[in-house]
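Have a look at the structure below before the remarks.
The values are calculated or read from the model by the stated rules, or taken from the named source; none is laboratory data. Computed from a predicted model, the values in this text were never measured in an experiment. Cβ: placed from backbone, ideal geometry, glycine included. Neighbour counts: every protein chain shown. All accessible areas refer to the heavy atoms of the entire protein, side chains included, with ligands and DNA or RNA removed. Shrake-Rupley method; radii C 1.70, N 1.55, O 1.52, S 1.80 Å.
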Amino acid sequence: MTRAKEDLATPFGVKGYVITSKETLLEDCLELSHWNPNVLNYLRYSDKTRRFVKGHEESNLQQINTFVVDIDTKKQSYTEILTAALDHSIGIPTLVLESPKGFQAYFVLEKPLFISNQNDFRGLKVAKRISENIKRSLAGVLQGVDISCNDFGFFRIPNEDNVRWFSEEMVYDFGSLIAWSKRQDDDRGRGLFVLPSQKEALDPTQSEWFQELLATRHVKGGEGQIGRDNLMFTLALACYSAGKGQDETLDLLDEYNSSLAVPIRHSEVRKIVKSAYKGRFKGAHKEYIQQLLEAWGTGKEIAIHNPMGGWYKHKKDREDRVRSHYSEWEEDVLAFIEKAASIDQPIKWSTQTALCEEIGIPRSTFNEVIRKSKHILVKRKGKGRAAQTGLTSIAMLLQCALSCQQQHRTVYIEAIRLFATEPANQLVLRELDYQVERHVAGPYAATINGKNFNSS
């Protein structure tokens, strides 16, 4: 613990002291500035007067209790941080505190993750990847997110004066965080850290069938024949399922392609790797591996141990499709609302024609998205050319509901009364009710809950 921020970086190291019990922590917390909320195995003093602490290193971590995101600006309110985390990251933070120059968001684990030195600190590596993905998911929508901040170092200690948001129920299961982090890695096309288990599969790139296919030189493409592109795609999928990075796989296949008697263009190799790393393929199918070995292998008998799933028909990139998927159009509308509306003016009013032109969406698709969406609210007033359409979203209204300012709460209540008059909004209002009940505690929740206004 330290008593001032300046104590974190003195010429002699961290000036502070060691706390070994929760009781002492609670007694001293009002006088403290920073702490390491994740428990270490041991700490020592580096001087005889016991003023400077040493031993706060990642390899010395005993357990991880929380992930913390440091935001070095106040250009956005804490309510915007809450909704950004809800929409674009793992969910609402357990706690948000305000610092002199920004905010810090705590995502507390339901149960601590205990760290060991087994498997080269694999658990710590997984935790660091999760921490990185949380920060990057928020950096895409918020200003001032410190990506390079020490994942498990010192942070401001919460107290009665600096806490802006706290929900005891918002804690996170580590297994769910791993699954979420894997999806983030899939989207970025990079290798995954996976917790070891008794059923952990062998690395497919070390298998005999992989090495046999990698040694082929005369393989080529042809109509009606499983060939060169199929083989490289299979190798790329094996690399992906083994957790190798996309760049590493591209280097491997580029070298393989150069060794072929009839190589393909480098741009084609890049496309093959990119397709394999879209995250929609679990691995190469045994049947395809067998066909490739029969067509291009040496003919020797090879056992195929490939526990991963098979190939799946993948979705084309959006720019290559005639019609975009519904979910993508919904994302476009929500992105427009986020840009066009604000916590002070959460409803964007305009003609439907103008809205569709600004969003870049056909009117028929717009109406279909509004009809199906569980996240968008619409209100129409007037007739003919003078008719106006009002748009908002759960995320936008939730910002108002979570705001500590009375004016924003009033805006929220007025918006609920307005949108509740449209029967088509009932499904979305129920979702908003759920979010408010989940994230807003106490008498205030009963006051602002949208269900109370449906009859008004």
*Find the residue count for region 367-404, including only residues that are more than 26 Å from the chain's Cα centre (by Cα) and among the polar types (S, T, N, Q).*
3
*If you take the residues in region 1-33 that are outside any loop (DSSP other than H, G, I, E, B) and in contact (Cβ under 8 Å) with a residue 60 or more places away in the chain, which one is surrounded by the most Cβ atoms within 10 Å (Cβ to Cβ)?*
Val14
*In region 221-265, which residues are loosely packed, with under 14 Cβ neighbours inside 10 Å and either under 19 Å from Trp296 (Cβ atoms) or touching a His at 6+ places or on another chain (Cβ under 8 Å) (or both)?*
Gly221, Gly222, Glu223, Gly224, Gln225, Glu255, Ser258, Ser259, Ala261, Val262
*asked:* List the strands (runs of 3 or more DSSP E) inside region 324-425, counting only whole elements, that have at least 3 residues being at negative phi and buried (at least 19 other Cβ atoms within 10 Å of the Cβ).
replied: 376-381, 388-393
*What are the residues in region 45-59 that are at pLDDT 90 or above and either part of a strand (DSSP E or B) or closer than 30 Å to Asp173 by Cβ (or both), if any?*
Tyr45, Phe52, Val53
*Of all residues in region 238-266 being modelled with pLDDT under 90 and among the small types (Gly, Ala, Ser), the one that is farthest from Gln206 (Cα to Cα)*: Gly245
*Is there a residue in region 447-456 that is under 20 Å from Arg380 (Cβ atoms), outside any helix (DSSP H, G or I) and modelled with pLDDT under 50?*
yes
*Residues that are among the basic types (Lys, Arg) and modelled with pLDDT under 90, drawn from region 117-135*: Arg122, Lys125
*Val440: open to solvent by less than 60 Å² (accessible area, probe 1.4 Å), in contact with a Leu (Cβ under 9 Å, 6 or more places away or on another chain) and modelled with pLDDT under 80, yes or no?*
yes
